[in-house]
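The values are calculated or read from the model by the stated rules, or taken from the named source; none is laboratory data. Model, not experiment: these values are computed from the prediction. Glycine gets a Cβ as well: all are built from the backbone with ideal geometry, and neighbour counts include every protein chain shown.
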Amino acid sequence: MNAASDYFRAKLQFEIDVMDVAGALSGGGFVLVDTRRRASWDHGHVPGAIHLPTAEIPVRAPELIPAGSRVVVYSWGPGCNGSTFAALAFAELGYPVREMIGGIEYWARNGLPVETADGVSTGEADRLVTAHGPAGQEPHPRD
């Protein structure tokens, strides 16, 4: 092994992509946490996620999420490191935690459902970011 391979192997243990989260969400086994501000949560979030802004994690996490629960955190998207700070806060509290890479941006861009006060809606998948389409649809030719 070398330093680069060790780094990337370790990194993969603490990240999960949006399609893996979507596939595992219905089975439970983890708590999905949206770590953004209230206005961002209201703009749209993953159905079934709980809202817990990063700054509130040290105080509120123990009252909302049982100790030892597996946690997956997300924030806006790849241009934001908010979920990294949130993952660190959960890790420092002793929770097993993973960061959903791509955040809500890539969740929506993959055509996955987004919830607002008006209900749940699903947009069309952006073929530039996903090979996953509706059931029975062939993957994009680039794959």
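Observations
- Matching residues, segment 73-99, being in contact with a strand residue (DSSP E or B) (Cβ under 8 Å, 6 or more places away or on another chain) and among the polar types (S, T, N, Q): 75, 83, 84
- Some residue of segment 86-106 being β-branched (Val, Ile, Thr), over 16 Å from residue 15 (Cβ atoms), within 17 Å of the chain's Cα centre (by Cα) and modelled with pLDDT of 95 or more: no
- Residues satisfying the stated conditions in segment 1-45, i.e. under 20 Å from residue 64 (Cα atoms), among the aromatic types (Phe, Trp, Tyr) and not in a loop (DSSP other than H, G, I, E, B): 41
- Given (1) in a loop (DSSP other than H, G, I, E, B); (2) closer than 21 Å to residue 126 by Cβ, index of the condition residue 48 fails: (2)
- Any hit, segment 60-67, residues being exposed (fewer than 13 other Cβ atoms within 10 Å of the Cβ) and not in a helix (DSSP H, G or I): yes
- Any hit, segment 113-124, residues being in contact (Cβ under 8 Å) with a residue 60 or more places away in the chain, of a type in the set (A, V, I, L, M), in a loop (DSSP other than H, G, I, E, B) and farther than 12 Å from residue 49 by Cβ: yes
- Selection within segment 72-110 - farther than 18 Å from residue 19 by Cβ, surrounded by fewer than 24 Cβ atoms within 10 Å (Cβ to Cβ) and out of contact with any Lys or Arg (no Cβ under 8 Å at 6 or more places or on another chain): 79, 80, 81, 84, 85, 88, 89, 91, 92, 93, 94
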